[in-house]
Amino acid sequence: MYKEEKLAIVTPMLSGKGGIETVLSIVLKDSDTISNFEKIDLIILGNNNSDEWLKKLPSNIHIHFTTDLSIFRILILLYQLLLNNYSKVICMSTNIIKFVNFIRNIFKMKFTIVSWIHFSLFNEETINPKILKLADYNLAISSGIMKQMLSMGIDQNKISLIFNPVEKKEKIIPVSIGLKPEFAYIGRILLNDQKNLRELFDGIALLKENSIILHMYGDGQVDDCKKYIIDNNIEQTIIWHGWVNNPWKDIKAMDAILLTSKYEGFPMALLESISYGVPVISSNCPTGPDDIITQNNGILYKMGNIQELAKDILSIKEIDFDHSSVRKTSEKYYTNSFSKKFWNSINNI
C-alpha cells in the first residue's frame, strides 16, 4: 500500500510514567503496518522528563520536544505545522485543539483536527469542553466520555468509541495465602483531587484494626498521605513502594486492586489488574470504571460511600473471584484489536 499522508500527534508535557505513554506506545508500535501515513510526528509540548518509553518506539516515529515556556511552545508548534503538510493532527488536550485550530484558521491550512482526550470532559479542570467542538472528529476512550460528547451536541458520526488497550498477559496473579487479605493501589499518590486517596484511607479506617495489608505504588503526595494516616489513627499495614516501573513484576499474589478516584478517563490500573486475573474494587466515578468492571471481575461502589467501600473490601474473600475468569474479561481490550480499531478510525476520517 502506497502511503503519502502525514500525521501529527500533539501531546501536553508527559511524565513518561503514565497511562497515556502506555497507550501511545501500543498505538505507535503498530503504525508502520496498519496506518496509512508515510510520516508520523509525535510533538510533545514540554521538556523531556523521562525518555525510556520513547526509546522503544519504532524508527518511523519522529519525536519533537518543545520547551516549558508557553510562547516558545506555540512558536515551535507553529513551525512544525507550517513545515509539514499534515493531513491530520491528533490533539490530546483542549488547549492544544484551541492553538492548532487558531493556526489552521490564520494560515488557511487544510488538515483535519482529531481530539483524543484521556479524562472525563466535565471533571478535569484542565479541560474546556466548549473547545472540543473545534475538533472535526473525536476519539472517545470510554462510553462515559462518548455520552458527554453527545450531550454537548457533537454529532455521533464524528465520534469513534475506541476504549484503551492492554497487553495480553501470560501469567495469572493468584490470591494471597496469608492470614490477611492483600490489596494494592497503583497510580499517582494524591490525597485529594482526582485520585481521592483520603476516601481510601477513610474506608480502611472502618475495618478491624490491622485486618488487611495495603500496598501503595506510585509517587506524588506521599508525605501528605502518611501524615493523614497518622493523624487519623488508621491502624492498617500499609507498605509504600514508591514509583515502580512495572509493579506487576514484583506482585506475587494479590486479592484486589483499589481505586477511589473522583473521575477518570479509562483507568489503566483497573485494566492492567484484570489482565493479570486480579479483581478490582472501584468508585463508580465518571468515566471508565463502569466500562471495565462486571460481576465477573470486580465491584463498583458509590463514590463517597466509605461504609460501602469498607464492606466491599471485607467481601472480596467471600466472593472468591476466579482469577482465570477475571482475566478473560480483559480479552476485548487486547492490543491487536485496539490498534486496528484506532488506525481504522484515523485512516477513514
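The numbers here are math on the coordinates, done by the rules we state, and not lab data. Since the structure is predicted, the reported quantities are computational estimates derived from the model, not experimental observations. Don't worry about glycine lacking a Cβ; one is built from the backbone with ideal geometry, like all the others, and counts go over all protein chains shown.
List of remarks:
- Calculated on the Cα set of the chain, radius of gyration then Dmax: 21.1, 67 Å.
- Projected area averaged over orientations for region 244-349, convex hull of C-alpha atoms, nm²: 7.9
- Cβ charges +1 (Lys, Arg) and -1 (Asp, Glu), total dipole of the chain, debye: 1020
- Within region 251-349: Cβ-based charge dipole about Cα centre, in debye rounded to nearest 20 (Lys, Arg +1; Asp, Glu -1): 280
- Between ILE61, TRP240, TYR276, the Cα set farthest toward the positive side of the dipole of the chain (charges on each charged residue's Cβ, about the Cα centre) is that of ILE61.
- Ellipsoid equivalent to region 14-137 - semi-axes via the Cα gyration tensor, in Å: 21, 18, 16
- Annotation: amide H-H contacts under 5 Å for GLY46 (H modelled 1.01 Å from N, sequence separation of 5 or more, or interchain): THR66, THR67.
- Per-selection Rg to Rh, region 112-208 - Cα, Kirkwood hydrodynamic radius: 1.12
- Shape analysis of region 217-268 based on the Cα gyration tensor places the equivalent ellipsoid semi-axes at 21, 16, 13 Å, largest first.
- Over the C-alpha atoms of region 148-279, the Rg to Rh ratio, Rh being the Kirkwood estimate, stands at 1.04.
- Inter-label distance, nm, simple model (7 Å from Cα along the C-beta direction), PHE65/LYS302: 4.8
- Charges were assigned to the Cβ only: +1 to each Lys and Arg, -1 to each Asp and Glu. The resulting dipole of region 1-151 about its Cα centre is roughly 400 debye.
- Net length available on complete extension from ASN232 to LYS130 is 32.6 nm, with 0.36 nm assigned per residue and the Cα-Cα distance removed.
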